[in-house]
Amino acid sequence: LKKIIVNTKSKTYPVFIAENSFSAPEAFLKRFNIKNIAIITDENVFNLYEKDLKKSFKNYNPVILSLPAGEKSKAFNNIKKILQLLKDLNLSKDDSIAAVGGGVIGDAAGFAASIYMRGIKLIHFPTSLLAMVDSSIGGKTAVNFDGVKNLIGTFYQPEFVLTDPNFLKTLPEAEFNSGLGEVVKYAFLSDEKFFNFVNDNYFEIIKNERILHRIIFNCAKIKSEIVSKDEHDKNLRKVLNLGHTFAHGFESALNFKIKHGDAVNAGIISSIILSEKLGIIKKENKERLLFLPLKKGVNKIIGKIDAETAYNFMLSDKKKDGGVLKYVLIKDIGKILIDVPAPKKFAVEAINSLKKFL
Ligand SMILES: NC(=O)c1ccc[n+]([C@@H]2O[C@H](COP(=O)([O-])OP(=O)(O)OC[C@H]3O[C@@H](n4cnc5c(N)ncnc54)[C@H](O)[C@@H]3O)[C@@H](O)[C@H]2O)c1
């Protein structure tokens, strides 16, 4: 069992990472004094793990709400379903939501947990690679609104996170690859050592458990350290948005038909191109920085994006100041700049250059 502590102003909590831990979560629930739970999951996870869910939580009389799978579930109609369930079960502030799923379920269930009675306990059981390395940690919750990604949300930390890498055995390869988009992000946020480790082992991650576990642990640790220093996106935490201003524009412009991690990877490539246009990285360093995200590759669907349309969606992103978009850009591995304004022309050119890598 590995344990990472997240130490934010609003809450200090552990992220446990252990194989097979999902077969016995009740010991953790007892330790954290959890009384009643409502389990929120999605249809894919439910269909694969219904028996395990019922067995794992058997002493808690598990009531399970299974939402449709996919990004479209991060919507108010599903938040209402979750809230209705909590009310029907008569849950109180001492009770808990268990979010068993990928980032979509974590974000949606987390949002519902944060507003029901001004906050009911929340536990994350991440089941996708993306959720294990990123979204289950740090307390950001979200729903999409009026076509705009993550427009509504709260900061709301869980009681604990329990990561069982065994879940990944059933994760479809395309979803695994999407999760690698956030892994690529952490490679840039860390240092040469981890960057090289990810780069050298990139194609082994899916096949080799030892490498996979090291990657999950390292990414979770980097994220935990960052959110512990800056819970509310004031300064340092903004580095976690590397590639995301572009990515959210791509996701909205494609009506969420691109997977989040694939959009993030494309966003990182765009950010490297933009960094070069602004003179932040040297031409000779650009190729080296592009190497890893290009190993993951640019998803074909990016070819359908109209750069102007994506840019207009980027303008509805939260990271702007007086109408000017601000970016998280890369100077070098581990050297990330935040709040960098850039002219529209350069951003649109960067999106068009991205298509050359298709
Ligand atoms: N809160 C945060 O800090 C944060 C950070 C990064 C991303 N996100 C959000 O996370 C979301 C993306 O997360 P995601 O990629 O996990 O998407 P997801 O939750 O839609 O999961 C991806 C797909 O994999 C399936 N799945 C999940 N676990 C499985 C398993 N073990 N076996 C088989 N199938 C499984 C799901 O049903 C779904 O179809 C986006 O909405 C993004 O905005 C949030």
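A short reminder: the numbers here are calculations on the coordinates, not readings from a lab. Quantities reported herein were computed from a predicted structural model and do not represent experimental measurements. Glycine gets a Cβ as well: all are built from the backbone with ideal geometry, and neighbour counts include every protein chain shown.
Of the trypsin sites (Lys or Arg not before Pro) found in the stretch 70-120, the ones in coil according to DSSP and having at most 11 other Cβ atoms within 10 Å of their Cβ are 93. Taking a Cβ cut-off of under 12 Å around residue 4, the surrounding Lys, Arg, Asp and Glu residues balance to a net charge of +3, with basic ones at +1 and acidic ones at -1. Kindly express, to the nearest 10 degrees and within the range 0 to 90, the angle between helix 103-115's C-alpha long axis and the longest C-alpha principal axis of the chain. So the inclination is approximately 60 degrees. The calculated FRET efficiency for the pair residue 12 and residue 306, based on their C-beta separation and a Förster distance of 45 Å, comes to about 0.50. Quick check: the angle from helix 173-189's long axis to the longest principal axis of the chain, C-alpha only, nearest 10 degrees? Computed tilt is about 60 degrees.
Helical runs assigned H by DSSP (4 residues or longer) give the chain a calculated mean residue ellipticity at 222 nm of -13500 deg cm²/dmol, each run adding -39500 (n - 2.57) before division by the residue total. Relative to the longest principal axis of the Cα atoms of the chain, helix 43-56 runs at roughly 40 degrees. Using a Gaussian network model of the chain whose springs link C-alpha atoms within less than 10 Å, name the residue from 147, 101, 138 with the highest mean-square fluctuation. Most flexible of the set in this elastic network: 147. Pairs of Cα atoms nearer than 8 Å and 6+ residues apart set the relative contact order; for the stretch 16-124 it is 30 percent.
Once you keep just the Cα pairs under 8 angstrom separated by 6 or more residues, what percentage relative contact order results for the chain?
Dividing the mean separation by the residue count of the chain yields 15 percent.
Taking the DSSP beta bridges with both ends in the chain, the antiparallel portion is around 45 percent. Dimensions of the chain along the principal axes, based on C-alpha atoms and rounded to the nearest Å, stand at 60, 42, 36, largest first. Do any of 149/234; 169/296; 35/87; 277/355; 87/121; 2/221 go past 18 Å between their Cα atoms, and which? Listed pairs above 18 Å: 149/234; 169/296.
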